[in-house]
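The values are calculated or read from the model by the stated rules, or taken from the named source; none is laboratory data. Being a predicted model, the structure only gives us computed values, none of them experimental. Every residue, glycine as well, gets a Cβ built from its backbone with ideal geometry; the counts of neighbours run over all protein chains shown. When the accessible area is computed, the model is the full protein with side chains, heavy atoms only, and any ligands, DNA or RNA have been set aside. Shrake-Rupley method; radii C 1.70, N 1.55, O 1.52, S 1.80 Å.
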Amino acid sequence: MRTEVKDFVLTVDRLTVSFDGFKAVDDLSFYVEEEEIRVIIGPNGAGKTTVLDLICGKTPASSGSIKFRNKELTDMAENEIVHAGVGRKFQNPSIYEDLTVFENLELSFPRGHGVFGALVFKRDKEVMDRVEEIAAEIFLSNHLQQPAGLLSHGQKQWLEIGMLLIQDPDLLMLDEPVAGMSVSERVKTAELLQRIIKGRSVLVIEHDMKFVENIAHRVTVLHQGKMLSEGSMDHVQNDPKVVEVYLGH
Ligand code: ADP
Ligand code: MG
């Protein structure tokens, strides 16, 4: 674990959401640093995806606070949270299958918020360069003119990560990014995350423990909406509370 003290990018404090009285996330607090890769693990139904839904504004919190830098996210709309610098990838890739890889990335390029920015958008050199730069990062330089629908499942996952990266988010949230990937694709994804962490923070939900071990700076274990354990992979793996929850399933 790193010893250097950095600022917190994300501060989740006593966060709770209740669905008809059922607390899917229950009084949860955790803090993510600059350039940290934090992984959230936990059994199915632990509330992992709901935590990301709360942070990105898809689900309103019942109580508690989510601070991103100095902004309170629980007061903000989903699109405002994106503009503040939070990018979120869902469990299933949401790409345009009929468009090429290039076009998918181009569409995600931030165009400014003005009417003119949105309407008079040209495929200028800046966009071309940025698309090519991102394509290289996500191992798709040789697939730019291919329809996204023809990519492998793993390549589709990378494309969606690229569609977030092109917006240069300060906090990138990924829900099970290596699900359905081959072993070599998992290794490349770990390498990708370690490369893109410069200047940002990453929050990942993942089940693949080998992958978690490869990438996590810290691990937060969720169980029934509450934090069960937190620390290095080594620490949580040897925590009797964690062992009990995983062996009990
Ligand atoms: P995980 O991602 O850890 O598997 P989830 O966050 O998807 O778990 O779900 C946690 C619990 O909250 C589950 O019991 C799920 O059924 C419930 N849940 C999630 N979203 C909603 C919702 N919008 N309405 C009602 N219950 C929900
Ligand atoms: Mg989930």
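Some values worked out for this structure:
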item	result
Residue in the stretch 184-195 that is surrounded by 15 or more Cβ atoms within 10 Å (Cβ to Cβ) and on the phi > 0 side of the Ramachandran plot present	no
Met227 among the aliphatic types (A, V, I, L, M) and open to solvent by less than 60 Å² (accessible area, probe 1.4 Å)	no
Residue in the stretch 194-208 that is aliphatic (A, V, I, L, M) and over 13 Å from the mean Cα position of the chain (by Cα) present	no
Single residue of Lys226, Lys241, Lys188 found to be within 16 Å of ligand 1 (Cβ to nearest atom) and either touching a helix residue (DSSP H, G or I) at 6+ places or on another chain (Cβ under 6 Å) or in contact (Cβ under 8 Å) with a residue 12 or more places away in the chain (or both)	Lys226
Unique match (being more than 13 Å from ligand 1 (Cβ to nearest atom), buried (at least 21 other Cβ atoms within 10 Å of the Cβ) and under 16 Å from the mean Cα position of the chain (by Cα)) among Gly47, Gly57	Gly57
Flag for Thr11 being outside the structural domain of Glu160 (by TED's automatic domain parsing), over 30 Å from Glu191 (Cα atoms), at pLDDT 95 or above and away from ligand 1 (no atom under 13 Å from the Cβ)	no
Selection within the stretch 110-135 - modelled with pLDDT of 70 or more, exposed (fewer than 12 other Cβ atoms within 10 Å of the Cβ) and in a helix (DSSP H, G or I)	Lys125, Glu126, Asp129
Out of Asn70, Asn79, sole residue that is modelled with pLDDT under 90, closer than 30 Å to Val9 by Cα and open to solvent by 50 Å² or more (accessible area, probe 1.4 Å)	Asn70
